[in-house]
1. If the viscosity is 0.692 mPa s and the temperature 37 °C, what Stokes-Einstein diffusion coefficient in µm²/s follows for segment 12-60 when Rh is the Kirkwood radius over Cα pairs?
2. To the nearest 0.05, how large is the calculated FRET efficiency for residue 3 and residue 78 if R₀ is 22 Å and r is the Cβ-Cβ distance?
3. How long are the three semi-axes of the equivalent ellipsoid for segment 1-116, computed from the Cα gyration tensor as the root of 5 times each eigenvalue, in whole Å, largest first?
4. Which FRET efficiency value, to the nearest 0.05, is calculated for residue 54 and residue 11 with the Förster distance at 41 angstrom and r the Cβ-Cβ distance?
5. Going by average Cβ neighbours within 10 Å, how do the peptides 39-46, 24-31, 3-10 rank, with the highest at the top?
6. Just subtract the alpha-carbon distance of residue 100 and residue 25 from 0.36 nm times their residue separation and send over the number in nm, one decimal.
7. To make sure I understand, if each residue's beta carbon is the centre and we count other beta carbons within 10 Å, what order do 142, 73 fall in, fewest to most?
Amino acid sequence: MPLLILLFVGLPLTEIYFLIQVGSEIGALPTILLSILTAVIGAWLVRYQGFGVLMRVRELLDRGEVPAIELMDGALILAAGLFLILPGFLTDSLGFLLLIPPLRRRLIERYIRIQPVNTQAPGEVRTETRVRVIEGEFRRDD
């Protein structure tokens with residue numbers, strides 16, 4: 001509950017404070033234009049990186065692999081887009097940080113553990129490795 005109060009009350013108050021401070025230094029109109037500029041640049045970056053993640057997801061699905069990491073990467077890009085759309089410099093900073101691919105990857109790796117899938121039954125001893133055999137006919141036409 002305190003986290004929600006901090007999120008829904010503390011974050012907007014902090015954003016208002018920073019907007020007032022920046023506005024008093026550079027003026028109201030430049031502050032508004034700067035906020036709009038960060039939203040436009042952020043939306044472009046989110047779109048660009050989002051399409052990149054979408055292509056990686058398609059490639060993995062075509063190979064029959066599960067795109068779990070890429071889906072989490074896409075979710076963080078979506079969160080970055082939400083932060084960048086919200087007016088304020090603190091949320092814009094968080095949004096731009098989430099758009100840095102190595103930081104996103106470290107964040108994903110920090111909160112999940114990637115483990116190999118175990119397909120054998122409990123107590124079963126694997127004596128041979130599985131080999132994938134594709135049978136077919138071949139004919140060469142020159």
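Coordinate-derived values only; no laboratory data. Quantities reported herein were computed from a predicted structural model and do not represent experimental measurements. No Cβ is skipped: glycine too gets one built from the backbone with ideal geometry, and neighbour counts run over all protein chains shown.
1. Numbers: Rh = 12.9 Å.
The calculation lands on 255 µm²/s.
2. Values: r = 20 Å, r/R0 = 0.92.
FRET efficiency, residue 3 to residue 78: 0.60.
3. Details: eigenvalues 214, 63, 18 Å².
Values for segment 1-116, descending: 33, 18, 9 Å.
4. Values: r = 30 Å, r/R0 = 0.72.
Efficiency computed from Cβ-Cβ geometry: 0.90.
5. Details: 39-46: 15.8, 24-31: 12.0, 3-10: 9.6.
Sorting 39-46, 24-31, 3-10 by mean packing, highest first, produces 39-46, 24-31, 3-10.
6. Working: separation 75, 0.36 × 75 = 27.00 nm, distance 2.89 nm.
Residue separation times 0.36 nm, minus the Cα-Cα distance, leaves 24.1 nm.
7. Details: 142 2, 73 22.
Lowest to highest Cβ neighbour count: 142, 73.
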